[in-house]
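Worksheet: the structure to be examined is printed underneath.
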Amino acid sequence: MLLSYFTEDAYDRLLHDVSRNSENYATSEDWLPAYFGNSNGYYKTSSVDVSDFTPYYIPGKKDDTQKSQEDLNNTRLIYEAFKNLTPLQASNKYLWTYLCHAIPKYRDYIRDRWMQEERENTIKNRFFVTTPGSLLNDNALSRLWWYGYLTYDKKCSNHYALTEILFTNQTICTDVMDTFNRMNIERMRGVLLAIRDFKEEINDGEGVTDYFRECKKFLNHYAAVTTLEFLDSDEIKDLAFNYMMKVREERLNGNGGSLRKRKR
């Protein structure tokens with residue numbers, strides 16, 4: 001299928017009228033044609049040809065584990081279907097906003113995942129792209145494509161092995177996609193490999209979330225006082241892994257060494 005996108009005027013009008021249209025976002029009705037006066041001038045069709053995909057989800061309220069599993073499945077689906085997109089094309093806010101509004105099965109997915117409560121901020125975050133950060137972290141579809149782009153590894157037999165690490169849980173995913181990693185595949189790969197190796201070292205009951213949150217602060221500070229640009233993914237991995245191990249060692253010592261230091 002050829003991808004379409006909103007015109008600038010249509011996008012601006014929809015964003016301005018979120019309050020007025022809030023009830024429309026909670027329904028399955030195709031309300032866009034009537035809203036734009038039954039004219040198709042509110043969108044344009046590009047020459048970018050992609051495959052179609054149907055989002056995977058089980059309707060209803062979800063816990064963190066279910067959300068992560070759905071995100072993993074949908075990242076695979078959308079990235080495989082939309083591989084023809086270039087990063088420049090995938091940065092087009094009018095494209096992702098159109099897809100979230102105009103394709104019924106995408107709207108159904110967004111309503112199930114995020115519209116349990118009708119809130120204007122939810123609509124703006126999930127149906128629109130308003131900032132570079134929302135492109136990667138908030139928009140219901142663009143975030144999934146970028147997760148795939150930044151973690152897909154064609155050299156590995158499991159191309160989505162790093163993606164699986166990203167979706168360890170929702171907090172890890174958010175923290176990994178924080179500013180210092182944004183749009184940098186080497187950093188992303190290094191951090192995810194560090195999380196993978198660290199998970200293999202710790203006990204099953206410990207969890208990696210708190211350790212990585214401390215590591216994220218360290219890496220953000222490190223990037224502020226020196227440069228990460230010349231470090232490859234292995235060097236980033238060693239930097240992050242060693243810091244998490246250091247934090248764990250300090251915690252173990254502070255706990256009287258009552259936990260095993262290493263998974264056997």
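ASN38 to ASP63: extension gain in nm, 0.36 nm per residue of separation minus the Cα-Cα distance?
That pair, ASN38 and ASP63, stretches by 5.0 nm at full extension.
Which number do you get for Rg(Cα) / (2.2 N^0.38 Å) in the stretch 1-154?
Dividing the Cα Rg of the stretch 1-154 by 2.2 N^0.38 Å gives 1.00.
Order by neighbour count: GLU229, GLU186, GLU249, fewest other Cβ atoms within 10 Å first, most last.
GLU229, GLU249, GLU186
Would you order THR65, THR163 from fewest to most other beta-carbon atoms within 10 Å of each residue's own beta-carbon?
Taking fewest neighbouring Cβ atoms as first place, the list is THR65, THR163.
Kindly provide the GluC sites (Glu not before Pro) of the stretch 98-175 that DSSP labels as loop, not H, G, I, E or B, and whose Cβ sees at most 11 other Cβ atoms within 10 Å.
Qualifying residues, ordered by number: GLU117.
Any idea how far the Cα center of the stretch 132-158 sits from the one of the stretch 1-51, in Å?
After rounding, the separation between the Cα centres reads 24 Å.
Quick one: order VAL50, VAL129, VAL208, VAL191 by neighbouring beta-carbon count within 10 Å, fewest to most.
In increasing order of surrounding Cβ atoms, one gets VAL50, VAL208, VAL129, VAL191.
Values in this text are rule-based calculations from the coordinates and carry no lab data. As the structure is a prediction and not an experimental result, all values here were calculated from the model. FYI the Cβ positions are ideal-geometry reconstructions off the backbone, even for glycines, and counts take in every protein chain you see.
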